[in-house]
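Novice: Submitted below is the structure of interest, expressed as structure tokens.
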Amino acid sequence: MRYALTAVAILAVALGLAGIAHGEADDSPGLQLLGVALVIGAVAFGIRNFRGGG
């Protein structure tokens, strides 16, 4: 189960990076900010989940 949730976090990072790239192309700082927030949150969730915390 731990690996499945980590895989979901990796997919969320990919989605966040796509949001950042699309926001850059469309000159949308709000979309870039949401992408960055998604990436940071997914990385934190993935690390916490993989290490077994909480």
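Novice: Can you pull out every residue in region 20-54 that is in a helix (DSSP H, G or I), at pLDDT below 85, exposed (fewer than 15 other Cβ atoms within 10 Å of the Cβ) and not acidic (Asp, Glu)?
Specialist: Listed by number, the residues that qualify are Phe50, Arg51.
Novice: Within region 1-10, how many residues turn out to be among the hydrophobic types (A, V, I, L, M, F, W, C), surrounded by fewer than 17 Cβ atoms within 10 Å (Cβ to Cβ) and in contact with a helix residue (DSSP H, G or I) (Cβ under 8 Å, 6 or more places away or on another chain)?
Specialist: Residues meeting the conditions: 2.
The values are calculated or read from the model by the stated rules, or taken from the named source; none is laboratory data. Just so it is clear, the model here is predicted, and its values are computed rather than measured. Neighbour counts are summed over all protein chains in view; Cβ atoms, including those assigned to glycine, are modelled from backbone coordinates with ideal geometry.
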